[in-house]
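Notes follow the structure.
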Amino acid sequence: MSQPSQVNADIQTVVQMVSGPGLPLVGNDIDTDRIIPARFLRSVTFDGLGEQVFIDDRAAGQHPFDQAAYQNAKILVVNRNFGCGSSREHAPQAIARWGIQAVVGESFAEIFFGNCIAIGVPCVRAEPTAIAQLQKLIAAQPTTILTVDLATQTIQANGQAWPIQIEPGPRQMFLSGTWDACGQLIAQVEAIQTTAQTLPYLTWHT
Amino acid sequence: MSRGTLFDKVWDLHTVGRLPSGQTQLFIGLHLIHEVTSPQAFAMLKERGLKVMFPERTVATVDHIVPTEDQSRPFADPLAEQMMAALEENTQAHQIRFYNVGSGSQGIVHVIAPEQGLTQPGMTIACGDSHTSTHGAFGAIAFGIGTSQVRDVLASQTLALGKLKVRRIEVNGELPPGVYAKDIILHIIRQLGVKGGVGYAYEFAGSTIEGLSMEGRMTLCNMSIEGGARCGYVNPDQTTYDYLQGRCFAPKANWPKGNWTEAVSWWESLRSDADAEYDDIVKLDAGAIAPTVTWGITPGQGIGVDESIPTLDAIAPEERPLAEQAYQYMDLAPGQPIQGTKVDVCFIGSCTNGRISDLREAAQLAQGRRVAAGVKAFVVPGSEQVKQQAEAEGLDQIFIAAGFEWRQPGCSMCLAMNPDRLEGRQISASSSNRNFKGRQGSASGRTLLMSPAMVASAAVTGQVTDVRELMP
């Protein structure tokens, strides 16, 4: 192994509250190929992905990401198993670069969820009935300001509040500004070496 | 909460500590990288002035963007060439082992790591690719990660993670003829749904699983992610050890430097205990599994080849909107038999089914037959080694004589990042893993997932065909 050189290793920004208009995207099992088709992965950067988000679905017209009413949206409201399929971080990158700062859904695919944490975009779960109400409310009045609050674990709109859930670890990472774990991980270099020494297979073919 | 499973044991052994957030810091024993999800991670390292902490535990290959016809450099696609050049530069700068095209060991990352003996029981394995679950076939905890996490592993060889629950999926009984590992996993996903595994690691067990070859187990674990499970695994056994012994990076048997005996006893100690506790247990009967085909736009929308596309009333209410989308997108009518559905393109390959046994099974069906008129059929070996082995056995000649194209290794039309793609509304019979809308390179293209033998059967008949009718 090489010795770490710790320079500017992590970004510390507390994410407690995201407020803004919502964007309802109805449907279960929306996969990352739909969020960003593979042909847009042919790049060595994430630049330009914001314009390409849901590009094939948008070609059919009337897609929420194209509707004038939602152009200032900051909170995406989705249904079940959002972000399933490929591990491509390009998917949350595309959503975030379009302007979304938090996602509220019935449930999320595991890898997509992890990728969102790693780039500082909270994904929180709410009951299907709450999601349906929120999607309806946004569609009826797109200028409604929603507030996702990780401290109180609620989403609020029009004086109403619905409970939201997020695992304690990721929640704490957002509230303490440590969602970019890189620096914290490297800081444990001694413990990493100690663990490595207990793993027999690391020396089997040296 | 699970206790005494292989997952618990391997997780504990690789736990570096608990982070202030409560997440586990998990050591990654093997980090596999490729050209699509690593360039941005290396750029982030550079930005932050970080090094790769364990370059010797990192292995690279190129697979997603490589053309399967003309592989001369520079690649015809300048974007592909740029990604290739970035990987060459990054692996060289950080002294990372790189299996490049023409090295004799290049191929799909989930095919080459087992081939080289890099994948071993008891390891934690991460890769910026969701099909990393493949490596669980060896009794490893293997899972896909995103690019920021690739950065974290490069910089620290660790990840911040929450522990998964463990579901044991027990499949017992003898597999009927014409039914393969691909059918088992499509059947499991059909039963448990594409979201059923979210939050779980899948432990595949039972006599049917124990009877599978390593390649079959890889196919099975590969598609755990399509069932929502980030990783899937099979406890290591003699089949695992027999596969590993003698491979390049496997522990050596010869004295005095050999560690084989030590390795096997360590691997044995990691198997799930007889009294292990699981968060959930599901039991399935192998005899009830038929050759399976997907008819829709998620891998969970599958049926036996002898069944008809389900009508709306046969589908659970919460699944109906997706089924209606699928009928429309696929242009397949509910109630219509899937058998007889015309296909335009037949693709044999991918990290799911691009290994030598897959090609043997397909070749058996292709032998002495001809690809149907109007059908484009092609075979993409999973790696340079698979290609070489297939050619040594004459499989390439069987395919070519039958009218299949015989290509160079890569991911190819599984996700169509290279020139291999569907055109317009074409419908493919594919041995790959995803039938999502637009997955195979055309925004309106359609995919039917099935085993390689079923793809070969479709190729020679021009339509979805029950492989059992063509078997010798």
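Bear in mind that the values in this text are calculations on the coordinates, not laboratory data. Just so we're clear, the structure is a prediction, and the values are computed from it rather than from any experiment. So basically every Cβ, Gly included, is an ideal-geometry build from the backbone, and we count neighbours across all protein chains shown.
Computed quantities for the displayed model
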quantity: Listed residues A:Ser107, A:Ser43, A:Ser176, most fluctuating in chain A (Gaussian network, C-alpha, under 10 Å); calculated: A:Ser43
quantity: Convex hull of the range B:1-112 built on C-alpha atoms - directionally averaged projected area, nm²; calculated: 9.7
quantity: GluC sites (Glu not before Pro) restricted to the range B:283-361 and DSSP loop, no more than 15 other C-beta within 10 Å; calculated: B:Glu307
quantity: Cα centroid separation - the range B:406-428 against the range B:301-347, whole Å; calculated: 23
quantity: Contact order relative to length of chain A, as percent, for alpha carbon pairs under 8 angstrom and 6 or more apart; calculated: 28
quantity: Spherically averaged projected area in nm², based on the convex hull that wraps the Cα atoms of the protein assembly as shown; calculated: 27.4
quantity: Contact order relative to length of chain B, as percent, for alpha carbon pairs under 8 angstrom and 6 or more apart; calculated: 17
quantity: Per residue Cα convex hull volume in Å³ - calculated over the range B:292-469; calculated: 98
quantity: The range A:93-200, dipole about Cα centre (Lys/Arg Cβ +1, Asp/Glu Cβ -1), debye to the nearest 20; calculated: 260
quantity: Spin-label model distance (nm) - A:Gln71 vs B:Met1, 7 Å beyond Cα toward Cβ; calculated: 5.1
quantity: Largest to smallest principal axis extent of the C-alpha atoms in the range B:161-274, angstrom; calculated: 50, 41, 28
quantity: Segment A:Gln16-A:Ala60, extension gain: residue separation times 0.36 nm, minus the distance between their alpha carbons; calculated: 12.2 nm
quantity: C-alpha center-to-center spacing [the range B:33-71, the range A:24-74] in angstrom; calculated: 26
quantity: Dipole moment magnitude, nearest 20 debye, the range B:130-269 about Cα centre, only Lys, Arg, Asp, Glu C-beta charged; calculated: 500
quantity: ³J(HN,Hα) computed for each position of the range A:71-85 - Karplus, 6.51 cos²θ - 1.76 cosθ + 1.60, integer Hz, glycine/proline x; calculated: 5, 9, 4, 10, 10, 8, 10, 10, 9, 8, 6, 5, x, 6, x
quantity: Taking only Cα atoms of the range A:36-148, radius of gyration then Dmax in Å; calculated: 13.8, 41
quantity: Tensor-based shape of the range B:6-269 (alpha-carbon gyration tensor, a/c under 1.5 rounded, otherwise prolate or oblate); calculated: rounded
quantity: Restraint check, B:Lys9/B:Lys283; B:Lys51/B:Lys252; B:Lys342/B:Lys376, Cα-Cα greater than 19 Å; calculated: B:Lys9/B:Lys283; B:Lys51/B:Lys252
quantity: Ascending count of other beta-carbon atoms within 10 Å, so fewest first, for B:Thr298, B:Thr15, B:Thr261; calculated: B:Thr261, B:Thr15, B:Thr298
quantity: Theoretical ellipticity at 222 nm over chain B - DSSP helices of four or more residues, -39500 (n - 2.57) apiece, nearest 500; calculated: -9000 deg cm²/dmol
quantity: Only Lys, Arg (+1) and Asp, Glu (-1) charged, at Cβ; chain A dipole about Cα centre in debye; calculated: 240
quantity: Footprinting exposure proxy for B:His131, B:His94, B:His14 (fewest neighbouring C-beta atoms within 10 Å first); calculated: B:His94, B:His14, B:His131
quantity: Unit charges at the beta carbon, dipole of chain B: most positive-side option, B:Leu312, B:Pro419, B:Met330; calculated: B:Pro419
quantity: Protection proxy ranking of A:179-190, B:460-471 - average other beta-carbon atoms within 10 Å, highest first; calculated: A:179-190, B:460-471
quantity: The range B:74-135 and the range A:127-181: distance between their alpha carbon centers, rounded to Å; calculated: 39
quantity: Selection from A:Cys116, A:Asn158, A:Ala102 lying farthest towards where the dipole of the range A:94-206 points positive, charges on Cβ; calculated: A:Asn158
quantity: Beta bridges per DSSP with both ends in the range B:6-269, % antiparallel, nearest 5; calculated: 25
quantity: Residue among A:Thr129, A:Thr154, A:Thr194 with the largest mean-square fluctuation in a Gaussian network model of chain A, springs linking Cα atoms under 10 Å; calculated: A:Thr194
quantity: Within the range B:360-401, trypsin sites (Lys or Arg not before Pro) in DSSP loop having at most 16 other beta-carbon neighbours inside 10 Å; calculated: B:Arg370
quantity: Residues with amide H under 5 Å from that of B:Gly445, placed H, sequence gap 5 or more; calculated: B:Gly438
quantity: Counting DSSP beta bridges with both ends in the protein assembly as shown, the antiparallel % (nearest 5); calculated: 35
quantity: Over chain B: Kirkwood hydrodynamic radius from C-alpha pairwise inverse distances, Å; calculated: 22.5
quantity: DSSP-defined beta bridges in the range B:292-469 - what % are antiparallel, rounded to 5; calculated: 30
